[in-house]
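To start, the structure under review is shown below, and the notes come after it.
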Amino acid sequence: MRAGRNDFGARKLSERQRWKSWWKALRKIHRVHSDAEDTAHLLSLGSLHPGVQLSSATHSQLNNRSASCVICLSKAPESLPHLAVGCPFARRLWAALSPSPHPIFADFVCPLVSRSERRIVELRILFFHSIWKLSRRRRFSSQPLEPITEAELEELRGSIQGCTGRLASL
């Protein structure tokens, strides 16, 4: 019995450390990109609504009539895990931004990190915010969807790297 309590206590401490790290990263992000902080906060609360929750066959916006991902244009349902870690475009963008492997969704949202690893949390927040905003622009656009070009990928990568550069200077 005693070992069980210790295991639970260790898990609870680990969870507390995880959230403490997450909120520290959010405070720093706020100084550089307050919209990204808002997106990350809503993500951690489960309050973002991807295409699988918004789509309707009779929706007035053409791109919102399907639950499929509006970024990779596959038949994959646009869910938060898909946008963060499953979408081929998101994977390409992550590979262009970071040498670290693309994480699983649970670790992506709120990873347990040491002080020296906090930059990866900040990068993940900026990355997901950029992917989320891109998906919203495409989903609520009246224009037919086209594949995302290499130039658009590079522009998004440059924007994220610009924010990470400003974060590093804080």
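Of the numbered criteria (1) closer than 20 Å to His49 by Cα; (2) at pLDDT 75 or above; (3) under 15 Å from the mean Cα position of the chain (by Cα), the one Ile104 fails is (2).
Working only within segment 80-102, note down all residues that are in a loop (DSSP other than H, G, I, E, B) and surrounded by 21 or more Cβ atoms within 10 Å (Cβ to Cβ).
Cys87
Which members of segment 52-79 meet the condition of being over 20 Å from the mean Cα position of the chain (by Cα), among the aliphatic types (A, V, I, L, M) and assigned to a helix (DSSP H, G or I)? Once the filter is applied, which keeps residues that are over 20 Å from the mean Cα position of the chain (by Cα), among the aliphatic types (A, V, I, L, M) and assigned to a helix (DSSP H, G or I), segment 52-79 yields only Leu62. With respect to Asp7, is the statement that it is on the phi < 0 side of the Ramachandran plot and at pLDDT 70 or above true? Considered against the rule, which asks whether it is on the phi < 0 side of the Ramachandran plot and at pLDDT 70 or above, Asp7 comes out as no. Filtering Phe128, Phe89 for residues that are among the aromatic types (Phe, Trp, Tyr) and modelled with pLDDT under 90 leaves a single hit, Phe128. The test for being of a type outside the set (A, V, I, L, M, F, W, C) and modelled with pLDDT of 90 or more does not hold for Glu117. Checking Gly165, Gly158 one by one, the residue that is without any contact (Cβ under 8 Å) to a residue 60 or more places away in the chain and within 19 Å of Arg92 (Cα to Cα) is Gly158 and no other. Of the residues that sit in segment 140-166 and are hydrophobic (A, V, I, L, M, F, W, C) and surrounded by 10 or more Cβ atoms within 10 Å (Cβ to Cβ), which one is modelled with the lowest pLDDT? Selected residue: Cys163.
Within segment 27-51, the set of residues being aliphatic (A, V, I, L, M) and in a helix (DSSP H, G or I) comprises Ile29, Val32, Ala36, Ala40, Leu42, Leu43, Leu45.
The values are calculated or read from the model by the stated rules, or taken from the named source; none is laboratory data. Since the model is a prediction, treat every value here as computed from it, not as a measurement. Neighbour counts are summed over all protein chains in view; Cβ atoms, including those assigned to glycine, are modelled from backbone coordinates with ideal geometry.
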